[in-house]
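Visitor: The structure's right below; bear with me while I get my questions together.
The values are calculated or read from the model by the stated rules, or taken from the named source; none is laboratory data. Just so it is clear, the structure is predicted and the values come from calculations on it, not from any experiment. Please note: Cβ atoms are built from the backbone with ideal geometry, for glycine as well, and neighbour counts cover all protein chains shown. With ligands, DNA and RNA removed, areas are computed over all heavy atoms of the protein, side chains included. Shrake-Rupley method; radii C 1.70, N 1.55, O 1.52, S 1.80 Å.
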Amino acid sequence: EGDVFTYDPGFTSTAACDSAITYIDGDKGELQYRGYPIEQLAEQSHFLEVCYLLLYGELPNAAQMQDFEHRVTNHTMVHEQMHYFFRGFRRDSHPMATMVGVVGAMSAFYHDSTDISDPWQREVAAIRMIAKLPTIAAMAYKYSMGQPFVYPKNSLDYASNFLHMCFAVPCADYVVDPILSKAMDRIMMLHADHEQNASTSTVRLAGSSGANPFACVAAGIACLWGPAHGGANQACLEMLREIGTVENIPEAIRRAKDKNDPFRLMGFGHRVYKNFDPRAKVMKESADEVLDLLGIHDNETLKVAKELERIALEDTYFVEKKLYPNVDFYSGIILEAMGFPTSMFTPIFAVSRTVGWISQWKEMIGDPTQKIGRPRQLYIGQTARDYVAVNDR
Ligand code: SDX
């Protein structure tokens with residue numbers, strides 16, 4: 001009416017973009033990377049092979065895998081001067097704060113992989129991102145503890161290298177436990193990509209302006225940090241610890257249903273999945289397996305998580321709102337059992353999701369018809385009016 005902007009109530013949101021990388025069916029609880037079900041990849045593949053699949057669209061043959069592994073492995077060190085960036089942070093900074101800063105600072109290095117008009121430079125930027133994020137995340141962890149940085153070892157596989165850089169110390173031998181390495185590799189596969197989630201959309205929107213790819217990934221890290229997104233794994237474990245015992249679950253359920261209470265069941269609910277998050281199922285099986293193999297049998301947190309899930313899934317509120325455990329519900333239990341503090345949970349999510357971000361960025365940048373992203377709004381503010389002098393207000 002008049003000059004108030006109105007819109008057709010029948011307006012349906014169009015897809016944010018076309019993409020051939022990841023498919024989700026939220027009603028069926030299905031997730032596929034380039035057509036391969038996540039359950040099969042989690043069981044039969046490994047993270048670096050999934051990286052190749054997400055980047056290039058096909059599973060590699062042996063020669064392609066060997067070449068890809070060689071290229072990633074030989075980019076795992078960071079420029080020695082990047083060590084100085086960490087010194088600007090307080091030791092008690094959250095590792096995600098450090099990662100936003102240091103990954104952003106990568107845009108001030110590696111000038112030979114920032115000209116996005118050059119397909120080769122785009123390729124090198126992607127390889128460098130996948131290779132260096134574990135090193136930077138491990139450095140953020142070491143810095144937070146006041147321990148010396150541990151350099152990557154080319155003789156180790158991707159997940160083992162990350163664990164080695166996090167847990168090795170110069171004064172003692174450290175042998176990566178293959179159980180932990182397999183569990184870490186599976187967690188990385190489960191978090192690798194998830195179509196147009198908030199942080200991936202952030203990377204795409206930043207990249208659509210032609211911005212430096214390292215700066216775009218830093219923007220994705222910043223978005224992932226939020227407790228409604230990747231920060232939920234840390235918030236979920238802290239929630240489970242706060243609940244403490246199964247006897248306290250009914251109160252948690254009551255609070256989660258109380259509209260006046262900001263408390264939510266972290267690790268529950270999802271914008272797309274209105275059925276089980278398939279990653280949560282795999283993660284739950286892994287939690288049982290890893291804790292059992294580590295000889296951790298009476299894990300109270302896991303007991304609370306399973307009982308909370310059981311009660312919530314029988315509660316009409318959660319059933320009606322189609323709230324199920326998501327990828328963040330069990331991951332923290334495994335990461336804690338592996339020896340990580342809760343502050344490292346989201347950085348590990350960021351390391352894993354880097355391949356998704358950079359694959360989606362490459363897909364967008366490589367499309368010659370691509371234009372800058374420019375979301376519109378529904379204006380609900382004041383209609384036009386004239387300025388009033390201060391003495392007349
Ligand atoms: C990730 O998008 C992705 O793909 C993300 C991700 C990925 O791989 O990139 O899957 C990773 O971010 C998983 C989500 C992690 N976040 C959490 O676990 C935080 C807790 N969950 C909620 O904050 C919420 O469920 C969201 C943010 C995940 C989803 O938000 P939606 O779809 O916008 O849902 P909503 O907030 O509109 O909730 C719908 C209803 C609401 O009630 P009504 O307003 O309709 O009355 O369900 C309620 C909410 O109050 N609700 C919850 C709840 N989640 C939603 N109530 C209690 N506890 C919860 N966890």
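Visitor: On the accessible surface of the range 210-273, probed at 1.4 Å, how many percent belong to carbon and sulfur atoms?
Guide: Numbers: 1610 of 2970 Å².
Taking all protein chains in place, the range 210-273 shows 54 percent carbon and sulfur surface.
Visitor: Okay, moving on. Among GLN360, LEU291, TYR330, which residue has its Cα positioned farthest towards the positive end of the charge dipole of the range 263-373, with +1 placed on the Cβ of Lys and Arg, -1 on the Cβ of Asp and Glu, and the dipole taken about the Cα centre?
Guide: GLN360
Visitor: Output ³J(HN,Hα) for the range 90-104: one whole-Hz value per residue in order, computed from phi by the Karplus curve 6.51 cos²θ - 1.76 cosθ + 1.60 with θ = phi - 60°, and x for Gly and Pro.
Guide: Going residue by residue, I get 5, 4, 8, 4, 5, x, 5, 5, 5, 5, 4, x, 6, 5, x Hz, with x marking Gly and Pro.
Visitor: Now for a different question. Using a Gaussian network model of the chain whose springs link C-alpha atoms within less than 10 Å, name the residue from SER117, SER352, SER286 with the highest mean-square fluctuation.
Guide: Taking springs between Cα atoms under 10 Å, the residue moving most is SER117.
Visitor: For PHE268, what residues show an amide H to amide H distance below 5 Å, using hydrogens built from the backbone and excluding near sequence neighbours?
Guide: Sorted by chain and number, the residues that satisfy this are ASN326.
Visitor: Treating each Cα of the range 289-331 as an identical point scatterer and ignoring solvent, apply the Debye formula and state log10 I(q)/I(0) at q = 0.14, 0.28 Å⁻¹.
Guide: So the normalised log intensities work out to -0.40, -1.00.
Visitor: Size of the range 112-183 along its principal axes in angstrom, Cα-based, largest extent first?
Guide: That gives 46, 27, 18 Å along the principal axes, largest extent first.
Visitor: Roughly how many Å is it from the Cα centre of the range 105-146 to that of the range 320-344, as a whole number?
Guide: The range 105-146 and the range 320-344 have Cα centres spaced 27 Å from each other.
Visitor: Further question: Given 0.36 nm per residue, what is the gain on full extension from ILE372 to THR245 after removing their alpha carbon distance, in nm?
Guide: So the chain would gain 40.7 nm between ILE372 and THR245.
Visitor: Now for a separate question. Give me the one-decimal Kirkwood hydrodynamic radius in Å for the range 169-306, with the sum taken over alpha-carbon pairs.
Guide: 17.7
Visitor: ³J(HN,Hα) across the range 240-250 via Karplus (A = 6.51, B = -1.76, C = 1.60, θ = phi - 60°), whole Hz, x for Gly/Pro?
Guide: 3J(HN,Hα) across the range 240-250, in whole Hz: 4, 5, 5, 5, x, 9, 4, 5, 8, 5, x.
Visitor: Tell me what the chain gives for mean residue ellipticity at 222 nm when only DSSP H runs of n ≥ 4 count, each as -39,500 (n - 2.57), the sum divided by the residue total, rounded to 500 deg cm²/dmol.
Guide: Working: 17 runs with 203 residues, N = 393.
For the chain, the value works out to -16000 deg cm²/dmol.
Visitor: What nm value, rounded to one decimal, do you get for the distance between ARG255 and LYS322 when each label is placed 7 Å out toward the C-beta?
Guide: 2.8
Visitor: Round to a whole angstrom and tell me the spacing of the C-alpha centers of the range 162-189 and the range 77-102.
Guide: So the two Cα centres are separated by 21 Å.
Visitor: Of all the Cα-Cα pairs you can form in the range 248-393, what percent are over 28 Å apart?
Guide: Details: 4735 of 10585 pairs.
Here the tail beyond 28 Å accounts for 45 percent of pairs.
Visitor: Also, I was wondering about something else. Run the accessible area of the range 283-393 with a 1.4 Å probe and give the carbon-and-sulfur part as a rounded percent.
Guide: 50
Visitor: In addition: Can you give me the long-range amide H partners of THR22? Hydrogens built in the peptide plane at 1.01 Å from N, cutoff under 5 Å, separation of 5 or more residues or another chain.
Guide: Residues meeting the criterion, in which the H sits 1.01 Å from N, are ARG34, GLU195.
Visitor: Karplus couplings for the range 187-199 from phi (6.51 cos²θ - 1.76 cosθ + 1.60, θ = phi - 60°), rounded to Hz, Gly and Pro as x?
Guide: Ordered by residue, 3J(HN,Hα) equals 4, 5, 4, 5, 9, 4, 8, 7, 6, 9, 5, 4, 6 Hz.
Visitor: About the Cα centre, and with charges only on the beta carbon of Lys, Arg (+1) and Asp, Glu (-1), how big is the dipole of the range 187-288? Nearest 20 debye, please.
Guide: Numbers: 12 positive and 11 negative charges, 64 e Å.
Dipole of the range 187-288, to the nearest 20 debye: 300 debye.
Visitor: Out of the total accessible area of the range 68-206 (probe 1.4 Å, heavy atoms of protein only), what percent is carbon and sulfur?
Guide: Of the solvent-accessible surface of the range 68-206, carbon and sulfur hold 57 percent.
Visitor: Once the piece of chain linking GLU307 and GLU80 is laid out straight, how much longer is it, given 0.36 nm per residue of separation minus the C-alpha distance between them? Present the calculation step by step, with values, prior to reporting the outcome.
Guide: Details: separation 227, 0.36 × 227 = 81.72 nm, distance 4.80 nm.
This chain segment gains 76.9 nm when fully extended.
Visitor: If you average 1/r over every pair of different alpha-carbon atoms in the chain and take one over that average, what Kirkwood value in Å do you get?
Guide: About 22.4 Å, per the Kirkwood formula over Cα pairs.
Visitor: Connecting C-alpha atoms closer than 10 Å in a GNM of the chain, tell me which of VAL103, VAL319, VAL50 has the biggest fluctuation.
Guide: Its mean-square fluctuation being the largest, the pick is VAL319.
Visitor: Can you tell me which of MET145, MET266, MET184 moves the most in a GNM of the chain? Springs connect C-alpha atoms under 10 Å apart.
Guide: Judging by the Gaussian network model, the answer is MET145.
Visitor: Something else: Would you please give the residues with an amide H less than 5 Å from that of GLU30, counting only those at least 5 places away or on a separate chain, with H modeled from the backbone geometry?
Guide: Residues meeting the amide H criterion: ASP25.
Visitor: Tell me, what is the FRET efficiency for ASN391 and ASP25 to the nearest 0.05, using R0 = 51 angstrom and their Cβ-Cβ distance as r?
Guide: My answer for the efficiency is 0.25.
Visitor: Further question on the same structure: What does the highest-first list of 125-137, 199-211, 372-384 look like by mean Cβ count within 10 Å?
Guide: Order by mean packing, descending: 125-137, 199-211, 372-384.
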